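Q: Take a look at this one; I'll ask things after.
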Amino acid sequence: MDTIKLDFIIGSSRSILFRNLSTPEGLSDWFADKVDIVGNKFIFEWDEEEQREAELIYKKDNEEIHFKWLDGEGEFKFILDKDGMTNELILVVEESFYMDDDDQVDNEQYMPDEGDLALWEKLISRLRISIGAR
């Protein structure tokens, strides 16, 4: 499994940010068009056409939430941290996924490309807007 890790400074309170990372209402404001929850299963829908399901693996309120895609294509987690020097709230996004042997070059670890980074930057921009953060 390969993992990309991205850090974003979010000008918000932990509780507001965490609510938008862990509830269907919050996630549907920025991550997907529609989010439903059944037990520990989150159902994400985009453009009324694409749907994916993820299992809630771990949750510690106001600190971390971890999902695993049920299609077997990987996992993602959101971790709230604090910058030791500035005390700013940092959102750490970790996305792990399985790669076929054909996708790997000389068994080196996957490096995120501009598309991966652009997608997460767009999503985090939507998150900031939805919570009124800077």
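The values are calculated or read from the model by the stated rules, or taken from the named source; none is laboratory data. Everything numeric here is computed off the predicted structure, so don't read it as measured data. Don't worry about glycine lacking a Cβ; one is built from the backbone with ideal geometry, like all the others, and counts go over all protein chains shown.
Q: Would you list the strands (runs of 3 or more DSSP E) that sit entirely within region 1-84 and hold 1 or more residues that are surrounded by 13 or more Cβ atoms within 10 Å (Cβ to Cβ) and touching a residue at least 24 places away in the same chain (Cβ under 8 Å)? Break it down into steps so the answer makes sense when it comes.
A: Details: elements: 2-9, 34-38, 41-46, 50-60, 64-69, 75-82.
In region 1-84, the matching strands (runs of 3 or more DSSP E) lie at 2-9, 41-46, 50-60, 64-69, 75-82.
Q: Go through region 1-45 and report how many residues are under 15 Å from the mean Cα position of the chain (by Cα), over 14 Å from Ile65 (Cβ atoms) and of a type in the set (Val, Ile, Thr).
A: Residues flagged as under 15 Å from the mean Cα position of the chain (by Cα), over 14 Å from Ile65 (Cβ atoms) and of a type in the set (Val, Ile, Thr) within region 1-45 amount to 5.
Q: Of all residues in region 15-49, how many are of a type outside the set (Ser, Thr, Tyr) and closer than 17 Å to Glu95 by Cβ? I'd like the intermediate steps shown before the answer.
A: Our first condition is that a residue be of a type outside the set (Ser, Thr, Tyr); within region 15-49, this holds for 16-21, 24-27, 29-49.
Add one more test, that the residue is closer than 17 Å to Glu95 by Cβ, and what stays is 21, 27, 30-32, 42, 44, 46.
Count: 8.
Q: Is there a residue in region 103-123 that is in a strand (DSSP E or B), at pLDDT 95 or above and out of contact with any helix residue (DSSP H, G or I) (no Cβ under 7 Å at 6 or more places or on another chain)?
A: So the first thing to find is which residues in region 103-123 are in a strand (DSSP E or B), and the list is none.
Scanning region 103-123 turns up no residue that is in a strand (DSSP E or B), at pLDDT 95 or above and out of contact with any helix residue (DSSP H, G or I) (no Cβ under 7 Å at 6 or more places or on another chain).
Q: Looking at region 1-28 only, could you name the residues that are of a type outside the set (S, T, N, Q), within 16 Å of Ile131 (Cα to Cα) and in contact with a strand residue (DSSP E or B) (Cβ under 9 Å, 6 or more places away or on another chain)?
A: Scanning region 1-28 gives Phe8, Ile9, Ile10, Gly11, Arg14, Leu17, Phe18, Leu21, Pro24, Glu25, Gly26, Leu27.
Q: What are the residue pairs meeting all of these: first residue in region 123-134, first residue free of Cβ contacts under 8 Å to residues at least 40 places away in the same chain, second residue assigned to a loop (DSSP other than H, G, I, E, B) and surrounded by fewer than 19 Cβ atoms within 10 Å (Cβ to Cβ), Cβ atoms under 9 Å, and 6 or more apart or on different chains?
A: Ser125/Trp30
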